[in-house]
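The values are calculated or read from the model by the stated rules, or taken from the named source; none is laboratory data. Note that the structure is predicted; figures quoted are calculated from it, not measured. With ideal geometry, Cβ positions are generated from the backbone for all residues, glycine too; neighbour counts draw on all protein chains shown.
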Amino acid sequence: MPAARKVVTRSPKRNVGLINCPWFQDRPIEHESRLEKHFVLRAILFPGLTFIQHQPFHMTLVEHGKRYTPDFLLTFSNGEKVVIEVKRAERVKEAKDRFDEISRLCQVAGFRYFVVHQGQIEGQRRAERALLIRRYAMHHLDPALVREAVAHVSQRNKGISIKRFKKDLCLSQEQLLSFVAHRHVVLSKDLLISDDDLLFAPNLEIKNASVQFGSWFGCAAWVPTAGVSQVVGGQQGSVSRPADPLCADHEIVDLLRGGDV
């Protein structure tokens, strides 16, 4: 399914470009701002995420008389899909009513809708560390060493310190970051990489993408102010995909546009 709009040129005023990450997916990921780029760099470190599509479709907002294109569509290992809007925090309040309408349309199509702001993406220098990790993604890792490392960290349910992990396997910091970039091992959601911080075995099982992915960024799916369930116990109620199991992605897009399936 082609993107609604294509990024074709670089802009002198905006950070427009492509993120090539063949270890994650075979298609480059486009971005149209620094904030979008930083979101992608953090998102691709989340276990269970399998694909990111930039500007995947458009929808007509009847209440606002506008056409809207989401920033990203994320696909997870269990088939769930999440729609993402990346926004600067100071601009979220003014768009609240529009986000309410978008969220309702997404729920009809079986998607959760997230608005992720720069504090959740870049706060506490998390984006800087994600950029550093990505630099080592192309380093070659011996498959036997990968198997040994995965087995080693999997034996520790509560995690293992980075210092101990490197010592046990005689790894350099560069090798460690390459392991993290490829999600053979996983850092905490803050991407802390000092010797005393912990590594974990990747949990690729996605039971509720909204809750698990939202926790990675410290946010929750957008809940309209009226007409839908509110947050209960800090978590969102589940929203299923369309009832017809054969409903294809292009049909879901028709739903978002307001067309008939």
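Got a number for residues in region 148-184 being outside any helix (DSSP H, G or I), closer than 23 Å to W23 by Cα and without any contact (Cβ under 8 Å) to a residue 40 or more places away in the chain? Can you show your working first?
As a first pass, look at region 148-184 and keep what is outside any helix (DSSP H, G or I): 155-161, 170-172, 182-184.
Those left that are additionally closer than 23 Å to W23 by Cα: 171-172, 182-184.
Subset that is without any contact (Cβ under 8 Å) to a residue 40 or more places away in the chain: 171-172.
Going through region 148-184 one residue at a time, the tally reaches 2.
I'd like to check which helices (runs of 4 or more DSSP H) are fully inside region 91-141 and have at least 3 residues that are within 15 Å of W222 (Cα to Cα).
96-108
Taking into account only those residues within region 38-81 that are of a type in the set (A, V, I, L, M) and surrounded by fewer than 21 Cβ atoms within 10 Å (Cβ to Cβ), which is nearest to H184 (Cα to Cα)? Give the steps one after another, and end with the answer.
The first filter runs over region 38-81 and keeps only residues of a type in the set (A, V, I, L, M), leaving 40-41, 43-45, 49, 52, 59, 61-62, 73-74.
Next cut, surrounded by fewer than 21 Cβ atoms within 10 Å (Cβ to Cβ) only: 61-62.
On the way: L61: 41, V62: 45 Å.
Ranking the candidates gives L61 first.
So which of L45, L105, L141 ends up being in contact (Cβ under 8 Å) with a residue 12 or more places away in the chain and in the same structural domain as S172 (by TED's automatic domain parsing)? Spell out how you get there, then give the answer.
On the way: L45 fails: in the same structural domain as S172 (by TED's automatic domain parsing); L105 fails: in the same structural domain as S172 (by TED's automatic domain parsing).
Being in contact (Cβ under 8 Å) with a residue 12 or more places away in the chain and in the same structural domain as S172 (by TED's automatic domain parsing) holds for just one of L45, L105, L141, which is L141.
Only one of (1) at pLDDT below 90; (2) farther than 20 Å from F76 by Cβ; (3) not in a loop (DSSP other than H, G, I, E, B) fails for V228. Which number is that?
(3)
Report yes if L145 is part of a loop (DSSP other than H, G, I, E, B) and under 30 Å from Q173 (Cα atoms), otherwise no.
Values: part of a loop (DSSP other than H, G, I, E, B): no; under 30 Å from Q173 (Cα atoms): yes.
So L145 fails the test.
Name the residue, out of L45, L74, that is among the aliphatic types (A, V, I, L, M), modelled with pLDDT of 95 or more and part of a loop (DSSP other than H, G, I, E, B).
Numbers: L74 fails: part of a loop (DSSP other than H, G, I, E, B).
Within the list L45, L74, the selection yields L45.
Output the number of residues of region 80-99 satisfying the condition of being in contact (Cβ under 8 Å) with a residue 24 or more places away in the chain and under 21 Å from the mean Cα position of the chain (by Cα).
Here the count works out to 12.
Just for region 17-27: of the residues that are outside any strand (DSSP E or B) and in contact with a His (Cβ under 9 Å, 6 or more places away or on another chain), which one is farthest from P143 (Cα to Cα)? If you could, list the steps in order and put the result at the bottom.
Residues of region 17-27 that are outside any strand (DSSP E or B), as a first pass: 20-27.
Restricting the remaining residues to those that are in contact with a His (Cβ under 9 Å, 6 or more places away or on another chain) gives 23-24.
Details: W23: 14, F24: 17 Å.
Step by step, filter region 17-27, then rank; the result is F24.
Can you tell me which residue is surrounded by the fewest Cβ atoms within 10 Å (Cβ to Cβ) among those in region 185-213 that are in a helix (DSSP H, G or I) and in contact with a strand residue (DSSP E or B) (Cβ under 7 Å, 6 or more places away or on another chain)? Write out each step before concluding.
Initially, region 185-213 is screened for residues in a helix (DSSP H, G or I), giving 209-213.
Then drop every residue that is not in contact with a strand residue (DSSP E or B) (Cβ under 7 Å, 6 or more places away or on another chain), which leaves 209-211, 213.
Values: A209: 24, S210: 21, V211: 16, F213: 24.
Here the answer is V211.
Looking at this structure, is Q120 under 21 Å from I44 (Cα atoms), polar (S, T, N, Q) and buried (at least 19 other Cβ atoms within 10 Å of the Cβ)?
Details: under 21 Å from I44 (Cα atoms): yes; polar (S, T, N, Q): yes; buried (at least 19 other Cβ atoms within 10 Å of the Cβ): yes.
It is true that Q120 is under 21 Å from I44 (Cα atoms), polar (S, T, N, Q) and buried (at least 19 other Cβ atoms within 10 Å of the Cβ).
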